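The values are calculated or read from the model by the stated rules, or taken from the named source; none is laboratory data. Quick caveat, the model's predicted, so the values are computed rather than measured. Every residue, glycine among them, receives a Cβ derived from its backbone with ideal geometry; neighbour counts consider all protein chains shown. Heavy atoms of the whole protein, side chains included, go into the accessibility calculation; ligands, DNA and RNA do not. Shrake-Rupley method; radii C 1.70, N 1.55, O 1.52, S 1.80 Å.
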Amino acid sequence: MTSRREPRLADAAEIAAEQGLTSARISQFYTERTKNTAGKTFPAPVDKRGRARLWDHAEVTEWFSHRAPARLTEHRPPSIDPETLLNASDASRYLGYKNTNQVSTYVRDHPGYFPEPDVVEEKGTAENPYRRQLWKVATLQEWMASRPGRGRRAGAKQAPPLPKVSADGDPDELLGASQAAALLGYKSVGSFSSALSQGNLPLMKTTDGVAENAGRQNGRRRWTRRRILEQAAQRSRK
């Protein structure tokens, strides 16, 4: 007798990260019983984790595949040489965001969701240094083609797999977002960073350090393996 497959469950933060939306927007789809272009109502939750609703991931993904195109998916950026470098504000405008800080927000609060800059310039003075991040138009175009919420496309670049991280390593070792996502059981860095920004990982609000001498990773948040595992244990009890 073939056993019935248990559905993969996902909360609003995880769904939001995959679709390039906010957790509040996902909850709104449900509370307002929003319908897609196929006339299907947004799926009902199938379980709960604490107070967080959990949906059947496959049902939600199928619903989004029929969703009417959003404003951003209809945006047609201006014709610019693919090798042209744009700063964060110009990149936001190129991608169609009204908020010129949107790209900066992605980079700061959602590690792994937006592409790394192609060029990082160290500016300012020794007393007041700052970093200027620049993206090639070609990099932005590639991201637009595979951005969450647009649906899967043949040949679209997939997010890199999470690393394999042992829970038995040095408890004081500092780990980055991708390693934390793996230890916490998330499917992607985007899902982890979205849950973090929504306050669903309270023990992770406090960081234990930042990356140093790590090239483009300089300044990125780091947590000890001990803290991450404590958060994983708390998450499993909900």
Problem - Count - residues of the stretch 163-206 that are in a helix (DSSP H, G or I) and among the small types (Gly, Ala, Ser) - result: 11
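Matching residues to (1) loosely packed, with under 15 Cβ neighbours inside 10 Å; (2) modelled with pLDDT under 75; (3) within 21 Å of the chain's Cα centre (by Cα):
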position: 91; (1), (2), (3): no, no, yes
position: 99; (1), (2), (3): yes, no, yes
position: 113; (1), (2), (3): no, yes, yes
position: 127; (1), (2), (3): yes, no, no
position: 140; (1), (2), (3): no, no, yes
position: 145; (1), (2), (3): yes, yes, yes
position: 162; (1), (2), (3): no, no, yes
position: 172; (1), (2), (3): yes, no, no
position: 185; (1), (2), (3): yes, no, yes
Problem - Any hit, the stretch 54-71, residues being among the charged types (D, E, K, R), open to solvent by less than 50 Å² (accessible area, probe 1.4 Å) and at pLDDT 85 or above - result: yes
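Yes/no matrix, rows are residues, columns are (1) within 30 Å of residue 131 (Cα to Cα); (2) at pLDDT 80 or above; (3) of a type outside the set (A, V, I, L, M, F, W, C):
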site: 25; (1), (2), (3): no, yes, yes
site: 42; (1), (2), (3): no, yes, no
site: 85; (1), (2), (3): yes, yes, no
site: 103; (1), (2), (3): yes, yes, no
Practice task
Considering each of 44, 58, 126 in turn, give the residue that is of a type in the set (A, V, I, L, M, F, W, C) and within 28 Å of residue 223 (Cα to Cα).
Solution key: 126
Problem - Of residues in the stretch 72-83 being open to solvent by less than 70 Å² (accessible area, probe 1.4 Å) and farther than 16 Å from residue 134 by Cα, the one modelled with the highest pLDDT - result: 77
Completion exercise
When (1) crowded, with 22+ Cβ neighbours inside 10 Å; (2) over 26 Å from residue 26 (Cβ atoms) are applied to residue 192, the one that fails is (2)
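Please find, among 123, 157, the residue that is at pLDDT below 80 and within 25 Å of residue 84 (Cα to Cα).
Working: 123 fails: at pLDDT below 80.
Checking each option against the conditions leaves just 157.
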